[in-house]
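Asker: Before we start, here is the structure in question, set down as structure tokens.
The values are calculated or read from the model by the stated rules, or taken from the named source; none is laboratory data. Model, not experiment: these values are computed from the prediction. Ideal geometry is used to build each Cβ from the backbone, glycine not excepted, and the neighbour counts take in all protein chains shown.
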Amino acid sequence: MIFGKEKALKEEMIKIGKRLSSLRLVVGRAGNLSCRWDENNLLVTATASALGELTLEDILKVDLDNSEKKKVTSEFPLHSLVYRNFPQKVIIHCHPALTNAYFAVYNQLKPLTFETKLYLGNIPVVEQDTPAITEPELVIQALKTSNLVVVKNHGVVSIADKFRDALYLIEELEEAIKTAAVARIFKPDALDDLGKEVKENLAADKAYLMFSPEHIQAIVDLVNQDEFIANKGREMDLTLKLAIKLDGLDKAYKFNFEKGRIVKLDFDVDAPFVISAPAEVWEMVFLGKIDPFVATTQGKMKLQGNLGQLSRWYAPFNRLFQLFRQVAIK
């Protein structure tokens, strides 16, 4: 008999499997699930199990090495590697039809709604040449920029602390693709620029040490020269204090905005909005590999303050984050 914590977690996995099946995000015996049991163990679906018809016996408790050689899903190496590299507690791997179809012909998603930009951002796409994921290291690298990764010609991998949050990301991606498909009906060339390579024009030839005073000052100079931020700042009364901080260090910078212009740069976190993150996350932000709004909603960056209130100025701040990556770092 299975009791307590193990039974509760397995019942939750059974429930999410049925939900995935009802949404047609999985069919037949495709897809797999897992959740973290503790630092060294996890619960994972067995090989050849159907997510929509899971039983308690279809979910196996194993260590990260599967030392007992139980008949777990063929994607177990991916699940194990994710838990070794990330703190998240659950993984959903499934094969959504619209997502697979879209990314079979495009390499990136063009966000058409604010919700897509805020919660998904730029979805990383990993190339895949085999029916199972044989190079999980590529997925691990992609998961550093987003909690949702597309494995081309295969499916998606979504990680979170709760199954519902991992599922929401997959649902949001399917909905975004539906929106893109309908937009193309209305305007056939709406997505024609997706295959073009996007190149950023660096604001200067000089590269700065990340989070150095010179680096941040270069960003401030760009912001105060930017016509879009100036216009939106006046129109939307962008007057507030926003601080950014590097985890593990006392170093912080506070932007004092008045109607879109940064009138003063301070060096403390005494502000209603404080964004903080480890160095590797900030590096991806400054290189344009991850959107700070998306990183915040996915928990890769921490926000002190109300995201809903900050989103009031989404347009100028979205432009601000674009300017972040126009200053080269070294």
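Asker: If I filter the range 80-114 down to residues being of a type in the set (S, T, Y) and surrounded by fewer than 17 Cβ atoms within 10 Å (Cβ to Cβ), which single residue comes out as nearest to the chain's Cα centre (by Cα)?
Answerer: Looking at residues that are of a type in the set (S, T, Y) and surrounded by fewer than 17 Cβ atoms within 10 Å (Cβ to Cβ), I get T113.
Asker: List every residue pair whose Cβ atoms sit under 9 Å apart, with the two residues 6 or more apart in sequence or on different chains, where the first one lies in the range 61-82 and is at positive phi and the second, anywhere, is among the polar types (S, T, N, Q) and surrounded by fewer than 20 Cβ atoms within 10 Å (Cβ to Cβ).
Answerer: Nothing qualifies.
Asker: From the set of residues in the range 73-115 that are more than 24 Å from S21 (Cα to Cα) and among the basic types (K, R), which is modelled with the lowest pLDDT?
Answerer: Top of the filtered list is K110.
Asker: Sticking with this structure for a sec: Based on what the data block shows, is K289 out of contact with any Cys (no Cβ under 7 Å at 6 or more places or on another chain) and farther than 19 Å from Q322 by Cα?
Answerer: no
Asker: Can you confirm whether L20 is in a strand (DSSP E or B), out of contact with any Asp or Glu (no Cβ under 9 Å at 6 or more places or on another chain) and closer than 24 Å to E175 by Cα?
Answerer: The answer is no for L20.
Asker: Of the residues S276, S311, which single one is hydroxyl-bearing (S, T, Y) and farther than 24 Å from Y168 by Cα?
Answerer: The conditions single out S276.
Asker: Return yes when S146 is small (G, A, S), assigned by TED's automatic domain parsing to the domain that holds N85, within 19 Å of S74 (Cβ to Cβ) and in contact (Cβ under 8 Å) with a residue 60 or more places away in the chain and no when it is not.
Answerer: Against the criterion (small (G, A, S), assigned by TED's automatic domain parsing to the domain that holds N85, within 19 Å of S74 (Cβ to Cβ) and in contact (Cβ under 8 Å) with a residue 60 or more places away in the chain), S146 does not qualify.
Asker: Which residues, counting only those in the range 264-308, are of a type outside the set (A, V, I, L, M), touching a residue at least 40 places away in the same chain (Cβ under 8 Å), in a loop (DSSP other than H, G, I, E, B) and in contact with a strand residue (DSSP E or B) (Cβ under 9 Å, 6 or more places away or on another chain)?
Answerer: Scanning the range 264-308 gives Q298, G299, K300.
Asker: Take I133 and tell me if it is assigned by TED's automatic domain parsing to the domain that holds T73, under 11 Å from the mean Cα position of the chain (by Cα) and not in a helix (DSSP H, G or I). Steps first, please.
Answerer: Numbers: assigned by TED's automatic domain parsing to the domain that holds T73: yes; under 11 Å from the mean Cα position of the chain (by Cα): no; not in a helix (DSSP H, G or I): yes.
It is false that I133 is assigned by TED's automatic domain parsing to the domain that holds T73, under 11 Å from the mean Cα position of the chain (by Cα) and not in a helix (DSSP H, G or I).
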